[in-house]
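J.: Pasting in a structure now, in structure tokens, and then I'll have a few things to ask.
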């Protein structure tokens, strides 16, 4: 008997195509994850992207572990509600403290980030490498496990990057004050013989030009954003979620959201991504920040 209903196979194909066209969510405590978004756009140009900056509560590096896990889960759940097919936690601090919990709670695949200890250990010729990261990242069990695994014959000089995330959040990547702060962190590393520097926070690649100007070729910089984009590509392929190349449903420009006013996010997106981005302010409540505009810690 003739029927106009699509076959089960047709419905399955349609559902799979719709899933592959769903966006990827990228989340950071603030603006540092834009360095990851840049790499993802270059590696996966057919993907639609949603970017959330939790700038109202940045920097996470000064928050307690429960607060970080609470916010990471809340934003992950919000992105799932927006239709995200995968989540990139583009924040070293959030990854270090909460990705295991969030992975258990969310129904979509996750990709986290971690400092490039392994590539630094492989590439350092002097066997001394510096690490700039937030205090929370440096004290985390995840980071200590990386050191235990890869630092057997390489000395790592771990420096908390106090003030660096705040500098990016206010779009300061090259002021005299910022350079003086960077110099206070880098000169002891150079004096100790370091030839490699791990940028252990997604905010820190914004200082690439300033660092290179100060240290020349004395330090090789390790930025893991490209590795994160490649891992996302593998995860999407494993789950059959990668957008088809040349899909007629071409991805729009990334959609940007902020829990703050978004003014600095718009400015940095223009500088880094050359995008005239519209940033939508969103309220994403959580257990620790249930009240609107709460600054609870």
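J.: Do you know which of the residues in the range 163-178 that are in contact with a helix residue (DSSP H, G or I) (Cβ under 6 Å, 6 or more places away or on another chain) and more than 15 Å from residue 264 (Cα to Cα) is surrounded by the most Cβ atoms within 10 Å (Cβ to Cβ)?
T.: Ranking the candidates gives 178 first.
J.: Would you mention how many residues in the range 107-139 are over 26 Å from residue 39 (Cα atoms) and part of a loop (DSSP other than H, G, I, E, B)?
T.: Number satisfying all stated conditions: 3.
J.: Does residue 109 satisfy the condition of being modelled with pLDDT of 95 or more, surrounded by fewer than 18 Cβ atoms within 10 Å (Cβ to Cβ) and touching a helix residue (DSSP H, G or I) at 6+ places or on another chain (Cβ under 6 Å)?
T.: When the stated conditions are applied, residue 109 passes them.
J.: Among the residues of the range 152-162, write down those that are surrounded by fewer than 18 Cβ atoms within 10 Å (Cβ to Cβ) and within 11 Å of residue 121 (Cα to Cα).
T.: 152, 153, 155
J.: Determine, yes or no, whether residue 94 is buried (at least 18 other Cβ atoms within 10 Å of the Cβ), under 22 Å from residue 226 (Cα atoms) and either in contact (Cβ under 8 Å) with a residue 60 or more places away in the chain or assigned by TED's automatic domain parsing to the domain that holds residue 231 (or both).
T.: Criteria met by residue 94.
J.: Further, regarding this structure: Only one of 234, 183, 212, 218 is free of Cβ contacts under 8 Å to residues at least 40 places away in the same chain, over 15 Å from the mean Cα position of the chain (by Cα), surrounded by fewer than 16 Cβ atoms within 10 Å (Cβ to Cβ) and not in a helix (DSSP H, G or I). Can you tell me which?
T.: Only one candidate qualifies: 218.
The values are calculated or read from the model by the stated rules, or taken from the named source; none is laboratory data. Fair warning: this is a prediction, and the values are worked out from it, not measured in the lab. Note that each Cβ is placed from the backbone with ideal geometry, even for glycine, and that neighbours are counted across all protein chains shown.
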